[in-house]
Amino acid sequence: MDAAIIRAGVVGRRVFHNRGLFHMSSEPGAREVVYIVWVIEAGGHITLVDTGFSAGVAAQRGIEAHVPTAEILSRLGCHPDDIESVIVSHLHFDHFGEPNLFGRATFYIQRSEVEYFLGRGRSHPVYRFADEDSIACLPRLIKASRVNLLDGGVTNLGPVTTMHVGGHTPGSQLAIARCQTSTVVLACDAAHTYDNLTRRTPAAAFHNYDECQTAFDTIASLARGGRWYPGHDRSICDTLRPIGDAVYELAP
Ligand SMILES: [Zn+2]
């Protein structure tokens with residue numbers, strides 16, 4: 001695996017109630033969460049982990065300080081057409097939005113996730129976490145061979161490896177990259193915040209509780225001797241080096 005340069009862009013912020021962030025919690029109060037896209041560069045290849053979302057979706061969902069993903073990429077010196085691979089951790093609105101923006105990319109999504117959101121999941125209340133317009137693009141993208149449907153386990157995509165963990169949604173997956181000095185695990189929503197893993201408590205909405213617990217074990221074990229980043233913890237920004245407005249770089 002080539003050593004990767006990993007950058008992050010914060011595409012929005014929102015105050016989130018603790019009861020929504022921790023299953024079975026009656027904890028009062030709320031905390032700010034951030035919405036992140038990850039840009040991984042290795043061997044001349046640019047991979048995006050999760051896509052961000054449109055300004056319309058941000059407004060609809062009460063997300064503030066929205067920065068379009070194209071703008072984040074421009075601040076990082078690239079263009080949506082430079083993105084060759086998009087790893088979609090899962091199909092919730094904040095991780096899979098505006099897929100048409102990435103005209104050249106192949107999307108890597110778990111088959112179980114696509115089947116759920118195009119099929120039986122549509123009648124479940126949790127479907128509201130998906131962006132209907134973005135989900136509606138999937139059949140066309142699949143037909144055009146722009147979606148690589150992954151069948152669980154571990155998939156090596158060169159600079160980045162994906163690992164199916166399920167739990168939060170049927171096809172939730174981690175992205176794992178190797179920097180110069182350590183392994184970096186992007187947990188995405190397998191752990192929304194550091195506290196979710198510490199307390200062994202998933203966020204209120206999940207698909208399979210047992211898989212959420214196994215995912216916590218997997219993240220902790222993969223990150224041993226390396227680093228890991230949860231999906232929405234605002235403290236992530238304090239640990240990264242700012243390289244512009246709302247854009248950050250991980251230490252190598
Ligand atoms: Zn999320």
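The values are calculated or read from the model by the stated rules, or taken from the named source; none is laboratory data. Keep in mind that what you see is a predicted model, and the values were worked out from it rather than measured. Reconstructed Cβ throughout: ideal geometry from the backbone, glycine too, with neighbour counts over all protein chains shown.
Within region 193-221, the set of residues being surrounded by 19 or more Cβ atoms within 10 Å (Cβ to Cβ), in a loop (DSSP other than H, G, I, E, B) and of a type in the set (Gly, Ala, Ser) comprises just one member, 203.
If you check every pair at least six apart or on different chains, which have Cβ atoms under 8 Å apart with a residue in region 227-239 that is small (Gly, Ala, Ser) first and a residue that is in a helix (DSSP H, G or I) and away from the ligand (no atom under 11 Å from the Cβ) second? Pairs found: 235/194. Scanning region 74-92 for residues being surrounded by fewer than 24 Cβ atoms within 10 Å (Cβ to Cβ) and in contact with a helix residue (DSSP H, G or I) (Cβ under 7 Å, 6 or more places away or on another chain) gives a total of 2.
Filtered by the rule that a residue be away from the ligand (no atom under 16 Å from the Cβ) and surrounded by 24 or more Cβ atoms within 10 Å (Cβ to Cβ), region 47-61 gives a lone residue, 47.
If only residues of region 232-252 that are in contact with a helix residue (DSSP H, G or I) (Cβ under 9 Å, 6 or more places away or on another chain) and crowded, with 17+ Cβ neighbours inside 10 Å are counted, the one that is nearest to residue 92 (Cα to Cα) is 232. Of all residues in region 62-120, those being among the charged types (D, E, K, R), under 17 Å from residue 139 (Cβ atoms) and within 16 Å of the ligand (Cβ to nearest atom) number 2. Scoring residue 107 on the criteria (1) out of contact with any strand residue (DSSP E or B) (no Cβ under 6 Å at 6 or more places or on another chain); (2) outside any loop (DSSP other than H, G, I, E, B); (3) crowded, with 18+ Cβ neighbours inside 10 Å leaves a single failure, condition (1). Restricted to region 144-192, and to residues there that are part of a loop (DSSP other than H, G, I, E, B) and modelled with pLDDT under 95, the residue that is nearest to the ligand (Cβ to nearest atom) is 157. Under the condition of being under 16 Å from the mean Cα position of the chain (by Cα), of a type in the set (Asp, Glu) and closer than 22 Å to residue 205 by Cβ, the residues counted in region 85-119 number 2.
The residue that is nearest to the ligand (Cβ to nearest atom), counting only those in region 12-46 that are aliphatic (A, V, I, L, M) and within 15 Å of residue 78 (Cβ to Cβ), is 37.
To keep it simple, each residue is scored yes or no on (1) touching a residue at least 60 places away in the same chain (Cβ under 8 Å); (2) touching a Pro at 6+ places or on another chain (Cβ under 6 Å); (3) closer than 25 Å to residue 2 by Cβ.
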residue: 128; (1), (2), (3): no, no, no
residue: 144; (1), (2), (3): no, no, no
residue: 173; (1), (2), (3): yes, no, yes
residue: 225; (1), (2), (3): no, no, yes
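Scanning region 240-250 for residues that are of a type outside the set (Val, Ile, Thr), touching a residue at least 12 places away in the same chain (Cβ under 8 Å) and within 24 Å of residue 2 (Cβ to Cβ) yields 240, 248, 249, 250. Is there a residue being hydrophobic (A, V, I, L, M, F, W, C) and in a strand (DSSP E or B) anywhere in region 58-70? No - not one qualifying residue is present in region 58-70. Note on region 1-11: among residues that are crowded, with 21+ Cβ neighbours inside 10 Å and more than 16 Å from the ligand (Cβ to nearest atom), the one that is nearest to residue 57 (Cα to Cα) is 7.
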